[in-house]
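Worksheet: the structure to be examined is printed underneath.
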There are 2 protein chains.
Amino acid sequence: MVEIEFWFEFASTYSYPAAMRIEALARAAERRVCWRPFLLGPIFQAQGWNDSPFNFQPAKGRYMWRDLERICARLGLPFRRPSVFPRNGLLAARLAVGCAGEDWLPEFVRRVYSANLGEDRDISQAEVLGAILESLAQPRSLLDRAHASRAKDELRAQTERAAARGIFGAPTFVVNGELFWGNDRLEEALAWRG
Amino acid sequence: MVEIEFWFEFASTYSYPAAMRIEALARAAERRVCWRPFLLGPIFQAQGWNDSPFNFQPAKGRYMWRDLERICARLGLPFRRPSVFPRNGLLAARLAVGCAGEDWLPEFVRRVYSANLGEDRDISQAEVLGAILESLAQPRSLLDRAHASRAKDELRAQTERAAARGIFGAPTFVVNGELFWGNDRLEEALAWRG
């Protein structure tokens with residue numbers, strides 16, 4: 001089955017609707033989703049940014065929040081503008097990398113996005129992630145995997161792979177090496193036959 | 001009839017498919033198109049940029065050219081990557097402002113985009129714009145209007161209005177005060193009932 005790689009960053013706003021939509025759409029298109037958590041921070045830093053463009057470009061930021069609100073309303077997704085943006089997604093990303101391949105991971109990712117962008121919870125906190133693990137009948141002790149050097153090294157390598165592929169934002173979809181950037185390119189990525 | 005304002009900049013790549021699509025889609029949606037040429041340069045400069053982000057963010061630029069190529073292929077639009085980017089759209093924008101309301105103006109705009117992004121012609125040149133005017137059975141002397149201080153002042157005022165409305169990129173569509181940014185938001189803007 002053809003794979004669609006879903007490159008996401010937990011702080012990324014437009015990755016939220018993408019994460020909520022991708023599995024059903026991929027099933028209908030007979031594509032297998034590969035979940036690829038990575039960090040945008042190092043990619044932004046490499047071009048001299050130490051914050052999100054949605055913060056240092058205020059007009060673009062105002063537009064993005066309104067646009068995201070419209071998208072969530074259309075999809076029936078809860079939306080609450082986070083009181084802190086961007087949230088630090090490092091711990092969640094390390095956990096996702098440390099638990100790669102587990103069958104509950106896609107639902108974990110979706111619940112972290114809901115917590116961040118639907119409920120304004122602080123996803124940088126071990127307590128918040130631990131509660132999500134419990135809601136999935138997984139032990140909180142899985143958080144230890146996030147702190148293991150294996151997860152740290154693997155997340156660093158994954159972020160370097162993202163940059164090497166030309167990824168500069170999230171969400172990004174990759175199908176047979178072809179890049180599609182943004183939630184609004186998901187359908188096109190799934191239809192790609194190149 | 002409800003209006004859709006189409007804010008465009010002649011150098012803007014994604015404004016090309018938007019300009020080619022908007023009239024037929026607006027007619028089907030019973031919307032009247034208001035053509036609003038403006039300049040992105042002063043808006044970029046206000047945030048400290050003296051070039052297009054597609055140039056100073058190379059990964060994003062590479063992606064944009066590939067994405068635009070895919071969009072044009074899908075729409076059956078000619079595409080040739082301009083040998084100079086961004087082209088200087090000042091003269092074309094002044095001409096468009098100076099000839100606002102003329103019934104041939106939308107077709108003039110489309111032909112300027114085709115020249116820039118479909119044929120790699122230098123749209124900063126009076127000769128290129130004059131030939132387009134002639135192809136529309138309009139006198140080349142209309143170019144004089146672009147050089148009149150009225151057109152210069154009006155383009156400056158229009159660009160200030162764009163910034164005041166929160167416009168930060170092109171194309172942008174405005175319906176009843178609601179902003180939609182990007183060629184891929186055209187359908188949503190046309191359907192807006194807010």
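Where a number appears in this text, it was derived from the coordinates with a stated rule and is not lab data. On a predicted model such as this, the values are computed, not experimentally measured, just so you know. No Cβ is skipped: glycine too gets one built from the backbone with ideal geometry, and neighbour counts run over all protein chains shown.
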log₁₀ I(q)/I(0) of segment B:12-116 at q = 0.22, 0.25 Å⁻¹, via Debye over equal Cα point scatterers, no solvent, to two decimals? -1.35, -1.46
Fraction of antiparallel bridges per DSSP, the protein assembly as shown only, in percent to nearest 5: 55 percent
Classify segment A:3-191: rounded, prolate or oblate, from the alpha-carbon gyration tensor (a ≥ b ≥ c, eigenvalue square roots; a/c under 1.5 rounded; otherwise prolate if a/b is larger than b/c)? rounded
Highest GNM mean-square fluctuation among A:Val33, A:Val84, A:Val109, for chain A with Cα springs under 10 Å, belongs to A:Val84
Where in chain A lies the longest segment free of GluC sites (Glu not before Pro) that are both loop residues by DSSP (not H, G, I, E, B) and have at most 16 other Cβ atoms within 10 Å? A:120-194
Closest approach to the axis - chain B beta-carbon, rotation onto A, Å: B:Asp184, 3
Considering only B:Pro42, B:Pro58, B:Pro139, give the residue with the highest GNM mean-square fluctuation for chain B, with springs between Cα atoms whenever their separation is below 10 Å. B:Pro58
Quick one: if the Förster radius is 25 Å, what FRET efficiency do A:Glu134 and A:Glu23 give, using the C-beta to C-beta distance and rounding to 0.05? 0.65
Label spacing, shortest first and in nm, from B:Leu136 to its equivalents in the remaining copies (7 angstrom along Cα→Cβ): 5.6
Computed over chain A: relative contact order in percent, which uses C-alpha pairs under 8 Å that are six or more apart: 32 percent
With +1 on the Cβ of every Lys and Arg and -1 on the Cβ of every Asp and Glu, and nothing else charged, how large is the dipole of segment B:3-191 about its Cα centre, in debye rounded to the nearest 20? 320 debye
Cβ density ranking, 10 Å radius, fewest first, applied to B:Leu77, A:Leu136 yields A:Leu136, B:Leu77
Can you say what percent of the DSSP beta bridges in chain A, counting only those with both residues inside, are antiparallel? Round to 5. 55 percent
Translational diffusion coefficient (Stokes-Einstein; Kirkwood radius from C-alpha pairs) of segment B:74-175 at 37 °C, 0.692 mPa s, in µm²/s: 226 µm²/s
Tell me, B:Asp67, A:Asp51 in order of fewest to most beta-carbon neighbours within 10 Å? A:Asp51, B:Asp67
Dipole magnitude (debye, nearest 20) for the protein assembly as shown, charges at Cβ of Lys, Arg, Asp, Glu: 140 debye
Name the residue from A:Met64, A:His147, A:Phe6 whose Cα lies farthest towards the positive end of the charge dipole of segment A:3-191, charges +1 on Cβ of Lys and Arg and -1 on Cβ of Asp and Glu. A:Met64
Relative to the compact-globule scaling 2.2 N^0.38 Å, provide the ratio for the alpha-carbon radius of gyration of the protein assembly as shown. 1.08
Would you mind ranking B:Ser124, B:Ser141 so that the residue whose beta carbon has the fewest other beta carbons within 10 Å leads the list? B:Ser141, B:Ser124
Please work out the FRET efficiency for the pair A:Arg150 and B:Val84, using the Cβ-Cβ distance as r and a Förster radius of 56 Å; give the result to the nearest 0.05. 0.70
Please work out how much length the chain gains when fully extended from B:Ala100 to B:Asn50, using 0.36 nm per residue of separation minus the C-alpha to C-alpha distance, in nm with one decimal. 15.2 nm
For segment B:108-118, take each phi angle, set θ = phi - 60°, evaluate the Karplus expression 6.51 cos²θ - 1.76 cosθ + 1.60, and give the result in whole Hz per residue in order, putting x for glycine and proline. 4, 4, 4, 5, 5, 4, 4, 4, 6, 9, x
Placing a label point 7 Å from Cα toward Cβ, how far apart in nm is B:Gly101 from its equivalents in the other copies, listed shortest first to one decimal? 7.1
